[in-house]
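The values are calculated or read from the model by the stated rules, or taken from the named source; none is laboratory data. Because the structure is a prediction, the values reported are computed rather than measured. Don't worry about glycine lacking a Cβ; one is built from the backbone with ideal geometry, like all the others, and counts go over all protein chains shown. Just so you know, the surface numbers come from the protein's heavy atoms only, side chains and all, with ligands and any DNA or RNA stripped out. Shrake-Rupley method; radii C 1.70, N 1.55, O 1.52, S 1.80 Å.
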Amino acid sequence: MLKFLSKVRIEFNALDPRIASCMEFLAQCNARKAKESNPACQVQVKRRTDDQPPQITVTFVNGAEEVFDATSTPAQTIRTMILDKGHYLETEQMFREAGEKWPVVIPEEELRQPAPGTKIIGLKIDLTVKGYLFEKVLEFVLCLVLAMLSPRKAEEKKM
């Protein structure tokens, strides 16, 4: 998590009952694995004496800053948000280093194309006789179709 950050600032009043998220996040920042991922990341703790709500401010390696309200946001959610944005920034950097435009814009017609190596199978079965649908027959036919596509998938379907 710290690999994407240059600075973390955790602010809270020690007497405030809403500091659980701050304390958990601080513990995550101080974990050996987190520190090893980015030893240069500064982790600052500011103990307040006023009634301001606890907050966590993170600065990403690209200089972007985000402030989290630690009273309503669990530490795990903050961590997930940091990782998501960090991976986004990492992807952006890889594209820019490769000389590609960012963000990548995929043309609408390419979005509608099937993926290479896949087949689209159309299957229409009418199993109604005198208004009754034979579900067991349908299940058997589906098992046969699966067996034709992949013998292993047919065994999984039977179970």
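Within the range 1-26, how many residues are in a helix (DSSP H, G or I), open to solvent by less than 60 Å² (accessible area, probe 1.4 Å) and among the hydrophobic types (A, V, I, L, M, F, W, C)?
Residues meeting the conditions: 5.
Please count how many residues of the range 27-41 are under 20 Å from residue 62 (Cα atoms) and surrounded by fewer than 19 Cβ atoms within 10 Å (Cβ to Cβ). Show your work before the answer.
Taking the range 27-41 as the starting set, the residues that turn out to be under 20 Å from residue 62 (Cα atoms) are 29, 34-41.
Applying the additional criterion that residues be surrounded by fewer than 19 Cβ atoms within 10 Å (Cβ to Cβ) yields 35-40.
Summing the residues that are under 20 Å from residue 62 (Cα atoms) and surrounded by fewer than 19 Cβ atoms within 10 Å (Cβ to Cβ) in the range 27-41 gives 6.
Of the residues that sit in the range 91-116 and are charged (D, E, K, R) and open to solvent by 70 Å² or more (accessible area, probe 1.4 Å), which one is modelled with the lowest pLDDT?
In the first step, residues of the range 91-116 are kept if they are charged (D, E, K, R); the result is 92, 96-97, 100-101, 108-110, 112.
Subsequent filtering for residues that are open to solvent by 70 Å² or more (accessible area, probe 1.4 Å) retains 96-97, 100-101, 108-110, 112.
Details: 96: 87, 97: 89, 100: 83, 101: 83, 108: 82, 109: 83, 110: 79, 112: 76.
Ranking the candidates gives 112 first.
Could you please let me know if residue 96 is in contact (Cβ under 8 Å) with a residue 12 or more places away in the chain and among the charged types (D, E, K, R)? Give the steps one after another, and end with the answer.
Working: in contact (Cβ under 8 Å) with a residue 12 or more places away in the chain: no; among the charged types (D, E, K, R): yes.
No: the conditions fail for residue 96.
Consider residue 85 carefully, then state whether it is at pLDDT below 95, within 20 Å of the chain's Cα centre (by Cα), closer than 12 Å to residue 1 by Cβ and not polar (S, T, N, Q). First the steps, then the outcome.
Details: at pLDDT below 95: yes; within 20 Å of the chain's Cα centre (by Cα): yes; closer than 12 Å to residue 1 by Cβ: yes; not polar (S, T, N, Q): yes.
Yes.
If you go through the range 62-90 one residue at a time, how many are part of a helix (DSSP H, G or I) and surrounded by 12 or more Cβ atoms within 10 Å (Cβ to Cβ)?
First pass over the range 62-90, keeping only residues part of a helix (DSSP H, G or I): 75-90.
Subsequent filtering for residues that are surrounded by 12 or more Cβ atoms within 10 Å (Cβ to Cβ) retains 75-83, 85-86, 88-90.
Here the count works out to 14.
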